[in-house]
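Everything below concerns the one structure shown next.
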Amino acid sequence: MSKDNMKKSRFVIDESLRGLIPYFVVHQFDELEIMEKSLKDGNLEEVSRLGHSLKGAAANFCLDPLSKLGVAIQDVSKLGMTDALGSLVAKYRDYLEELKKMQD
C-alpha cells in the first residue's frame, strides 16, 4: 500500500497484529453475511448479538472505528430502529472492504 493510501485510512494497525488482520477480515465478512440475513429476516436480537461480537473482536485488534460501529449496531438493534440499521450494516461492509484493501 502506498503512503498516500495509508494516510487516508481510518484504521491504524499495530504491527504485531498485522499478520492476523486477513483472518479477522475473512471471519468478519462471514459475520456480516449472517448479520445482513438476520436484518432482512427481522431478527434484531441476532443483529444485536453480532454487533456485540463485532465490538469485542474489533477492540481486540485496536480497530476503534469498527468497535464503535459494533456498539452502534448493538444499541440501534435493541431500539428496533431497522431503518438506521441498514446504513450501519452498509458501513460495516465499507470498513471491512477498507481493511481488506489495506492488506493488498
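Within region 45-54, identify whether any single residue is under 17 Å from Lys100 (Cα atoms), surrounded by fewer than 19 Cβ atoms within 10 Å (Cβ to Cβ), among the small types (Gly, Ala, Ser) and at pLDDT 95 or above, and answer yes or no.
no
Of (1) farther than 19 Å from Val26 by Cα; (2) touching an Asp or Glu at 6+ places or on another chain (Cβ under 8 Å); (3) among the polar types (S, T, N, Q), Ser53 satisfies all except one. Which?
Evaluating Ser53 over (1) farther than 19 Å from Val26 by Cα; (2) touching an Asp or Glu at 6+ places or on another chain (Cβ under 8 Å); (3) among the polar types (S, T, N, Q) leaves (1) as the failure.
With Lys91, Lys68, Lys101 as the choices, which residue is surrounded by fewer than 19 Cβ atoms within 10 Å (Cβ to Cβ), in contact with a Ser or Thr (Cβ under 9 Å, 6 or more places away or on another chain) and not hydroxyl-bearing (Ser, Thr, Tyr)?
Unique residue meeting the criteria: Lys101.
Consider region 69-104. How many of its residues are closer than 16 Å to Ile13 by Cα and either touching a residue at least 60 places away in the same chain (Cβ under 8 Å) or in contact with a helix residue (DSSP H, G or I) (Cβ under 8 Å, 6 or more places away or on another chain) (or both)?
Going through region 69-104 one residue at a time, the tally reaches 9.
Within region 55-95, take every residue that is farther than 18 Å from Ile21 by Cα and of a type in the set (S, T, N, Q) and give me the one that is modelled with the lowest pLDDT.
Here the answer is Thr82.
Please state which of the following conditions Glu31 fails to meet, knowing it meets all the rest: (1) within 20 Å of Glu98 (Cβ to Cβ); (2) at pLDDT below 95.
Among (1) within 20 Å of Glu98 (Cβ to Cβ); (2) at pLDDT below 95, the lone unmet condition for Glu31 is (2).
The values are calculated or read from the model by the stated rules, or taken from the named source; none is laboratory data. The model shown is predicted, which means the values in this text are computed figures rather than measured ones. Ideal geometry is used to build each Cβ from the backbone, glycine not excepted, and the neighbour counts take in all protein chains shown.
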